[in-house]
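Taking it in order: structure first as structure tokens, then the write-up.
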Amino acid sequence: MTLIVHGRATSSNVQAVMWAAAELGLVVERKDVGGRFGGADTPAFRRMNPMGLVPVLEDGDTVMFESAAVLRYLVSKDGAAGLKTSPRDDMWAEWTKNTLCRSFTVPLFWTFYRTPEAKRDMVAVEAALRQFETYLSMAMAERRTRDWVSGSAPGLADIWAGHVLYRYFTLDFERRVPSGAQDYYDALTARPGYRTHVMVDYSELKGRLSF
Ligand SMILES: N[C@@H](CCC(=O)N[C@@H](CS)C(=O)NCC(=O)O)C(=O)O
């Protein structure tokens, strides 16, 4: 049965789910919902996710929101293979989603890119950038002798850590790239699933604090 992901391609949480599904070898049909496409506020969508947010996964009778839970579900599906899981990876996946990514999305992406230039608080952006880079350096230190945050192969911790890096490396601000992060990003960009689902033009979001 084909899996369905409801959510626009420019949503970072949709990107994480789509990229992970590609790494797992799962076939997914994505439907444009949210943002400029609308559709997240209809009664039918709210029955799937009362919060009216994307992504939502439909797998037959199983309907799920919250991207981290969706990723764990996908990893456990019959026939899914390709993402490493272990208690250690689970711990780092939790940290990369809840601490590293959280220090990027609102404090940086929204405060910088999604805020009209005239209204940007660049002092706050600068502070957020340094904080994000401090966390990123901690993830890179964890890699140290490994290729991936998850170990010798990518895992969910890499989906979370990796999916914000396309925007980090392409936004027009002054980076102080932590040691190891450029190599890590280069390895990410060599992965077909990352290129297809994460390296997505996000210019429709520029200066848009709401849809
Ligand atoms: N904790 C939720 C957050 C979901 C969320 O904030 N989704 C955003 C996109 S990344 C959204 O639906 N924004 C409104 C929209 O796209 O219309 C998750 O991880 O799935």
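Here are the numbers:
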read-out: Members of region 39-67 that are within 8 Å of the ligand (Cβ to nearest atom) and hydrophobic (A, V, I, L, M, F, W, C); value: 40, 51, 53, 54, 65
read-out: Any chance residue 89 is exposed (fewer than 15 other Cβ atoms within 10 Å of the Cβ) and at pLDDT below 95; value: no
read-out: Selected residue [among the acidic types (Asp, Glu) and part of a loop (DSSP other than H, G, I, E, B)] from 174, 126; value: 174
read-out: Among (1) over 21 Å from residue 97 (Cβ atoms); (2) part of a helix (DSSP H, G or I); (3) more than 10 Å from the ligand (Cβ to nearest atom); (4) out of contact with any Gly (no Cβ under 7 Å at 6 or more places or on another chain), the one test that residue 36 misses; value: (3)
read-out: Where a residue in region 29-50 is among the aliphatic types (A, V, I, L, M) and its partner, wherever it lies, is part of a strand (DSSP E or B) and more than 12 Å from the ligand (Cβ to nearest atom), with Cβ under 7 Å and at least six apart; value: 48/63
read-out: Residue within region 170-187 that is under 15 Å from the mean Cα position of the chain (by Cα) and within 18 Å of residue 93 (Cβ to Cβ) present; value: no
read-out: Tally, over region 69-86, of residues that are within 14 Å of residue 159 (Cα to Cα) and either assigned to a loop (DSSP other than H, G, I, E, B) or of a type outside the set (Gly, Ala, Ser) (or both); value: 9
read-out: Unmet criterion (only one of (1) within 13 Å of the ligand (Cβ to nearest atom); (2) of a type outside the set (Gly, Ala, Ser); (3) under 22 Å from residue 102 (Cα atoms); (4) in contact with a helix residue (DSSP H, G or I) (Cβ under 9 Å, 6 or more places away or on another chain)) for residue 5; value: (3)
read-out: Matching option when the condition is closer than 30 Å to residue 38 by Cα, in contact with a helix residue (DSSP H, G or I) (Cβ under 7 Å, 6 or more places away or on another chain), of a type in the set (Lys, Arg) and surrounded by 14 or more Cβ atoms within 10 Å (Cβ to Cβ), among 114, 208; value: 114
read-out: First in region 181-207 and among the basic types (Lys, Arg), second anywhere and loosely packed, with under 14 Cβ neighbours inside 10 Å, Cβ under 7 Å, 6 or more apart; value: none
read-out: Residue tally, condition outside any strand (DSSP E or B) and either modelled with pLDDT under 95 or not charged (D, E, K, R) (or both), over region 3-33; value: 20
read-out: Qualifying residue in region 49-67 (condition: in a helix (DSSP H, G or I) and closer than 18 Å to residue 163 by Cα); value: yes
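The values are calculated or read from the model by the stated rules, or taken from the named source; none is laboratory data. Since this is a predicted model, take the numbers as computed values, not measurements. Cβ sites come from the backbone with ideal geometry, for glycine too, and all protein chains shown count toward neighbours.
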